[in-house]
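Asks: Below you will find the structure I want to go over with you.
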Amino acid sequence: MSVGKSVRLFLADGTPGGLLTAEIMNWTGHVVAAPRSDLAALLKRPETSRTGVYILLGDDPNSLGGQLAYVGEGDDISKRLYQHARAEEQGGKDFWERAIVLTSKDTNLTKAHARYLESRFITLAQLANRARLTNGTAPTPIVLPEADVSDMEYFITQAKIILPVFGVNLFRSAVTTLAEPRLATSHADTPVVDASPLFELRLKKDGIAATAREIDGEFTVLTGSQARLTWASNSHDGYRALREKLIQEGAIAPADGGTMQFTRDQVFASPSAAAAVIVGRSANGRNDWKVQGTGLSYGSWQNQGVAEAAGEVSV
């Protein structure tokens, strides 16, 4: 059974789009986020004067629906944010529209800790591949005592839990090398990853076969899955634009046999979006994806779980 977490959110100005703080019960870390328009209020927060790491986020003009990100660290984060807010010709960064600051409530984070966290977060963001980083390469992780490394890795684990609550999925990578539908970990405080059965989508006449799992609430097409070589419809809907974006990014590339192939695990907003990209036309993913070896559709599998839960509630 997965372990629940109590996350405390506080809307500092009473609006969902303004300055927001969050913390997890029994975790010394603290997160505060704000849009760039509220930077003045953010800089006045005591958290931003501490040692820690920060994330800058903005839209990527070169990618449909894509995101740009920058990960940094500082002894006094407020000074770094102030520098980034200046005009680009003055050494600032123009792209970002939101800042997220991660610090410690007990102020025990040191410069060495922050540099370690920065390096690890950049590496995780590169692996997750959900945004285009403006950092370039990740700095080499600083050498820390074994106990400190353990503490920082725990900090990262908790940050990866709390950041999606802010809508920040920068470090969220799909775990697809699953021997069982549910992954258990050796660390008692590490969350259990829920995964669905393996789904498959086949177009026999085109020799297309794709597999996917629903992992941690996200529908993920797995590396090596095939897709149609070209878009099969004359329509120019959003799914076609999404497919072209994935091809441009290299997530889908030409393969042997006259098909396209996924070069990485790719998260989609829905089973239908995944199916459309694969078959090259609009598709109903709830019907087209089948539980491997059973013929049960994704929609039926999902409804089956709902029916079972309703039965348990009614007992």
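Asks: Take ALA22 and tell me if it is over 24 Å from the mean Cα position of the chain (by Cα), over 20 Å from SER119 (Cα atoms) and in contact (Cβ under 8 Å) with a residue 40 or more places away in the chain.
Replies: Working: over 24 Å from the mean Cα position of the chain (by Cα): no; over 20 Å from SER119 (Cα atoms): yes; in contact (Cβ under 8 Å) with a residue 40 or more places away in the chain: yes.
No: the conditions fail for ALA22.
Asks: Hey, can you tell me all the residues within segment 295-308 that are at pLDDT 90 or above and outside any helix (DSSP H, G or I)?
Replies: LEU296, SER297
Asks: If LEU11 satisfies all but one of (1) in contact with a strand residue (DSSP E or B) (Cβ under 7 Å, 6 or more places away or on another chain); (2) in contact (Cβ under 8 Å) with a residue 12 or more places away in the chain; (3) not polar (S, T, N, Q), what's the number of the condition it fails?
Replies: That leaves (2) as the condition not met.
Asks: Another question, then. Which of (1) modelled with pLDDT of 95 or more; (2) within 18 Å of the chain's Cα centre (by Cα); (3) of a type outside the set (Val, Ile, Thr) does HIS113 not meet, given it meets every other one?
Replies: With respect to (1) modelled with pLDDT of 95 or more; (2) within 18 Å of the chain's Cα centre (by Cα); (3) of a type outside the set (Val, Ile, Thr), HIS113 is out only on (2).
The values are calculated or read from the model by the stated rules, or taken from the named source; none is laboratory data. Please read these numbers as outputs of a predicted model, since none were measured by experiment. Glycine also receives a Cβ, built like all others from the backbone with ideal geometry; neighbour counts cover every protein chain displayed.
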